[in-house]
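The values are calculated or read from the model by the stated rules, or taken from the named source; none is laboratory data. As the structure is a computational prediction, the values presented were derived from the model and not from experiment. Cβ coordinates were reconstructed from backbone atoms using ideal geometry, including for glycine residues, and neighbour counts include every protein chain displayed. These area figures cover heavy atoms from the full protein model, side chains too; ligands, DNA and RNA do not enter into them. Shrake-Rupley method; radii C 1.70, N 1.55, O 1.52, S 1.80 Å.
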Amino acid sequence: DSTWFDITAKAGDGRTPTKSEFRQMFQTLLADRFSLKFHLDTKAARGYSLVVATNGPKLTPSAPDAESSMRMNSPGHSAEMTVTKWTMQQLTAQLSPQLSVMLGGGSVVPVVDGTGLTGAYDFTLKWTDDRDAVSDLSAPSLFTALQEQLGLKLEPRRSPTRSLVIESVDR
C-alpha cells in the first residue's frame, strides 16, 4: 500500500487492442517487468443474491433510444444513485463495492443477479449507512431501500468467487 509504480506501454502495431488482448498484453508486461507469478483460485465466499421481492419489481423500463448513465451523490453517510438504461448485472456490479464498504472486513462482497429480469431500467436509489449513529435517518439502509424503492431484495448466499493469488513478484 505504500509503493506505487507508473507503467507506460504501447501496443506494438499501433491499433487499439480488444479487452481480451489488452488483458493478455498487461499480464505479459507485469510478468516481464516484475517477474509476477500468479494463479486464479475459486472458493466459496459469503455474498448476496439480488432477487425480486415478494410484491414484484418497482422498476421503470428504459426508453429504447435512451443512453446508459449513472450519477452518484454521497454526502456524508447517505447516498443517492440515479441510473438510466441499466441492467441488473450493472446494478449487482455496483452493489458489490457498496456492500464491501458498508459491511467492512476489507474483502469484496460478491453480489450475483438472481432476479431473472433481462431488460434495462431507469431508477433512483437513496440509502444511508445504518451502522453509524450519526447517519441521515431520513434514508433507509441499503437493504431496506432496495426492497422499498426498487422491489428487489438481497438474500445472503455463499457463491463461488474467483481470486487472484500472487505467488511472487519483484520490485
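Numbers at a glance
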read-out: Sole exception among (1) closer than 23 Å to residue 95 by Cβ; (2) not in a loop (DSSP other than H, G, I, E, B) for residue 26, by number; value: (1)
read-out: Selected residue [assigned to a strand (DSSP E or B) and of a type in the set (Ser, Thr, Tyr)] from 16, 42; value: 42
read-out: Residue within region 38-56 that is in contact with a strand residue (DSSP E or B) (Cβ under 8 Å, 6 or more places away or on another chain), of a type in the set (Gly, Ala, Ser) and modelled with pLDDT of 95 or more present; value: yes
read-out: Residue identified as in contact with a strand residue (DSSP E or B) (Cβ under 6 Å, 6 or more places away or on another chain), at pLDDT 75 or above and either in a strand (DSSP E or B) or open to solvent by less than 60 Å² (accessible area, probe 1.4 Å) (or both) among 117, 99, 125; value: 125
read-out: Qualifying residue in region 52-64 (condition: of a type in the set (D, E, K, R), in contact with a helix residue (DSSP H, G or I) (Cβ under 7 Å, 6 or more places away or on another chain) and closer than 30 Å to residue 121 by Cβ); value: yes
read-out: Selection count where residues are loosely packed, with under 10 Cβ neighbours inside 10 Å and of a type in the set (A, V, I, L, M, F, W, C), scope region 144-164; value: 1
read-out: Number of positions in region 18-35 that are open to solvent by less than 70 Å² (accessible area, probe 1.4 Å) and under 29 Å from residue 112 (Cβ atoms); value: 2
read-out: Given (1) in a strand (DSSP E or B); (2) open to solvent by less than 30 Å² (accessible area, probe 1.4 Å), index of the condition residue 70 fails; value: (2)
